[in-house]
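Trainee: Below: one structure in structure tokens.
The values are calculated or read from the model by the stated rules, or taken from the named source; none is laboratory data. Just so it is clear, the structure is predicted and the values come from calculations on it, not from any experiment. Reconstructed Cβ throughout: ideal geometry from the backbone, glycine too, with neighbour counts over all protein chains shown.
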Amino acid sequence: MYDVDFDHQIIEIEKYDAKPTYKKFFGYRPGVSVIGDLIVGIENSNGNTNVRFHQKNTQKRFFERFEQNGLIINRFRTDCGACSKEIVEEIEKHSKSFYIRANRCSSIYNDTFALKGWKTEEINGIEFELNSILVEKWKGKAYRLVIQRQKRMDGMQDFWE
């Protein structure tokens with residue numbers, strides 16, 4: 001069983017067919033799947049498309065190739081670009097568990113102040129406090145939302161979900 005990481009890599013390039021990216025430079029935006037330090041899937045996307053554009057189809061093709069080669073996906077990790085109902089449903093079909101890093105979310109920000117039992121963890125050399133809650137983002141299905149916070153330079157807590 002394998003753990004797969006997926007991300008869109010924004011690559012700055014000066015080729016004639018490159019499009020402006022959301023980062024304000026010309027480039028490509030390939031979706032990349034990695035197991036450990038081995039790239040196991042890469043598929044290009046137009047630099048000026050939203051990261052969700054055809055991501056479900058990209059994920060489906062990657063998962064089909066994994067399955068054709070006998071790979072079973074234990075954990076699938078990706079960023080907030082996968083946080084849509086159709087993409088999550090595709091990921092759920094092909095992995096035992098999955099993790100999506102979300103952006104800041106004002107709708108739950110105030111609720112996080114009531115949470116107790118924060119655990120301190122070091123992630124990539126940075127100290128965070130972690131907690132989790134159940135949320136029902138899409139009707140009828142609850143997911144565990146892991147929240148991380150970090151002290152800002154001014155000493156205030158900074159929340160991420």
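Trainee: Pairs, please: C-beta under 6 Å, at least 6 apart or cross-chain, first residue in the same structural domain as V40 (by TED's automatic domain parsing) and in region 54-79, second assigned to a loop (DSSP other than H, G, I, E, B)?
Mentor: Note: pairs meeting the criteria are I72/M1; N74/M1; D79/R101.
Trainee: Looking at (1) closer than 25 Å to Y22 by Cβ; (2) outside any helix (DSSP H, G or I); (3) of a type outside the set (A, V, I, L, M); (4) modelled with pLDDT of 80 or more, which one does K137 not meet, given that it meets all the others?
Mentor: Result: K137 fails condition (4) only.
Trainee: Another question, if that's okay. Within region 1-46, can you find the residues that are of a type in the set (D, E, K, R) and within 16 Å of D79 (Cα to Cα)?
Mentor: D3, D5, D7, R29, listed by residue number.
Trainee: Taking F6 and the conditions (1) at pLDDT below 90; (2) among the aromatic types (F, W, Y); (3) under 12 Å from the mean Cα position of the chain (by Cα), which numbered condition does it fall short on, given that it satisfies the others?
Mentor: (1)
Okay, residues lined up against (1) surrounded by 14 or more Cβ atoms within 10 Å (Cβ to Cβ); (2) assigned by TED's automatic domain parsing to the domain that holds C83; (3) touching a helix residue (DSSP H, G or I) at 6+ places or on another chain (Cβ under 9 Å); (4) closer than 29 Å to I87 by Cα:
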position	(1), (2), (3), (4)
N110	no, no, no, yes
L130	yes, no, no, yes
L134	no, no, no, yes
W138	no, no, yes, yes
A142	no, no, no, yes
Q148	yes, no, no, yes
